[in-house]
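Taken together, the values in this text are just the output of simple stated rules run on the coordinates, not laboratory data. Given the structure is predicted, the values throughout are model-derived calculations rather than measurements. We place every Cβ from the backbone using ideal geometry, glycine too, and count neighbours over all the protein chains shown.
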């Protein structure tokens with residue numbers, strides 16, 4: 001098993017932010033400065049084109065640490081944040097750019113591209129979780145949540161389905177597709193699922209069908225008016241409360 | 001204009017609960033015990049078969065007063081809480097009971113019955129609001145919210161559409177119908193809308209279509225797994241936060 005290797009540490013506003021690597025996978029770990037023993041861990045998945053050091057990630061981490069008292073970990077997905085891309089990645093990204101420039105629907109390309117990323121990301125997340133649980137402030141017994149929308153959900157659905165340590169997940173902003181629906185059908189932990197009612201990338205019916213496919217007895221859809229990138233700020237607060245309900249006995 | 005006539009007063013857990021009448025309409029006003037000047041007002045609409053003194057109403061009022069610091073008012077809808085029923089009311093209630101006993105869909109009967117109630121309830125609510133705004137602790141300038149699901153939405157949609165003093169509303173758990181959709185299309189204030197994903201009374205597509213009909217630029221759907229009467233407790237907390245965002249400058 002590979003261990004967490006910390007490469008930097010910075011503290012601001014009560015949050016300790018540490019860059020780390022686990023093997024060749026780089027990531028970030030955000031923790032409360034004044035920790036009182038162990039705290040639950042939330043895994044934070046980034047969107048397509050972003051990485052673990054994107055400002056939106058730090059913003060969500062600050063809320064989860066500051067308001068929730070959680071540890072929060074993010075890793076760069078394959079092909080993201082300077083990590084090497086495969087020839088397939090390059091081909092799909094080129095197809096995505098062509099479709100966007102031509103004003104064509106990008107959903108099918110995003111689904112295929114992200115499925116390839118997720119196949120590599122899921123075992124990486126599991127190895128990183130193994131390593132993080134070796135840290136004394138996290139530990140192997142603590143509850144674990146997963147929070148990621150858009151590409152973070154393309155990875156989060158198969159990850160949550162495969163990983164029994166994840167006991168609550170905030171997901172959303174992604175299309176229905178058979179493989180993802182199959183993974184959703186194996187998820188039984190509580191889920192909060194975001195959908196944008198006027199999403200220009202994810203057709204409404206497709207997002208609703210993916211929510212419907214979740215087997216969880218406790219699941220909540222939060223659908224807001226607006227486009228793919230207009231999720232209201234209060235949804236991040238809602239995610240903190242969701243994890244507080246489910247990761248704190 | 002008729003004034004508020006208080007008929008009882010009780011204080012518990014920091015909440016003053018007063019029964020009142022405005023003309024022949026009976027209601028309840030819940031207020032913070034330690035009021036620091038004026039506070040926004042939330043109008044609370046009850047469901048079919050309930051009234052302003054039902055325990056669920058007192059529960060929501062306690063949250064809105066305790067956590068939000070609001071004044072909260074409820075009135076008994078026509079034909080509810082001991083108020084006289086018309087011959088039409090009696091006919092519709094008998095039809096509703098027959099359909100329930102026979103296991104037939106009750107949606108169309110509920111829509112028609114509640115539309116009749118709403119036609120009488122909307123002017124009553126507006127007169128009660130006039131009277132409540134004469135009270136020094138409420139005042140005519142303060143922001144007003146409306147919170148009611150199920151029959152509370154059958155009344156709340158036309159009320160919110162007609163009443164410019166209402167600047168935010170929590171609604172939901174009701175069917176699409178043309179008259180209600182027309183009212184929804186005139187609503188532009190922020191709305192939080194509840195839907196139960198497995199509602200045995202409101203077909204899912206019908207509830208989604210009613211949410212879609214709202215003209216509000218800021219609207220959020222909260223859809224939870226479970227039946228009509230299984231709205232999770234945390235949705236009441238969410239409503240308090242929604243009103244705190246919108247009724248407090």
Yeah, region A:76-213 with a ≥ b ≥ c from its alpha-carbon gyration tensor (a/c under 1.5 is rounded, else prolate when a/b outruns b/c, oblate otherwise) is oblate
Of B:57-63, A:59-65, ordering from highest average Cβ density within 10 Å down gives A:59-65, B:57-63
Largest fluctuation, A:165, A:97, A:85 only, Gaussian network model of chain A with Cα springs under 10 angstrom, belongs to A:97
Note to self: C-alpha centroids of region A:92-130 and region B:70-112 sit apart, in Å, by 52
Computed Rg/Rh for region A:1-133 (Cα atoms; Rh = Kirkwood radius) stands at 1.03
Answer check: region A:41-91, Cα atoms, Kirkwood Rh, Rg/Rh ratio of 1.09
Row for region A:110-184, column shape: gyration tensor on C-alpha, a ≥ b ≥ c, rounded if a/c < 1.5 i.e. under 1.5, prolate if a/b over b/c, else oblate; value prolate
Going fewest to most other Cβ atoms within 10 Å around each Cβ, B:147, B:176 line up as B:176, B:147
Mean other chain Cβ within 10 Å across A:207-216 is 2
The relative contact order of chain B, taking Cα pairs under 8 Å that sit 6 or more residues apart, comes to a percentage of 17
In degrees rounded to 10, the 0-90 angle between helix A:87-101 Cα long axis and the longest Cα principal axis of chain A is 60
Rounded to the nearest 10 degrees, the helix B:107-132 long axis (Cα) sits at an angle to the longest Cα principal axis of chain B of 10
A student applying the Cα gyration tensor rule (rounded when a/c is under 1.5; otherwise prolate if a/b is larger than b/c, oblate if not) would label region B:205-249 oblate
For region B:147-242, the Kirkwood Rh over every pair of distinct alpha carbons, in Å, works out to 12.9
Taking Cα atoms, the helix A:151-162 axis meets the longest principal axis of chain A at an angle in degrees (rounded to 10) of 70
For region A:163-213, averaging the sequence separation of alpha carbon pairs under 8 Å that lie six or more residues apart and dividing by its residue count, the contact order in percent is 48
With T = 10 °C, eta = 1.306 mPa s and Kirkwood Rh from C-alpha pairs, the Stokes-Einstein D of chain A in µm²/s is about 88
Rh (Kirkwood, all Cα-Cα pairs) for the protein assembly as shown, Å, reads 24.5
Region A:68-153: relative contact order from alpha carbon pairs under 8 Å, six or more residues apart, as a whole percent, is 23
Expressed as a whole number, the average count of other chain Cβ atoms within 10 Å around the Cβ atoms of A:79-86 is 0
In nanometres, the difference between 0.36 nm per residue of separation and the alpha-carbon distance of residue A:215 and residue A:93 is 40.7 nm
At the level of C-alpha centres, the distance separating region B:135-200 and region A:191-249, in angstrom, is 23
Summing -39500 (n - 2.57) over every DSSP H run of at least 4 in chain B, dividing by its residue total and rounding to the nearest 500, the 222 nm mean residue ellipticity is -12500 deg cm²/dmol
Across B:123-136, the residue-averaged tally of Cβ atoms belonging to other chains within 10 Å stands at 0
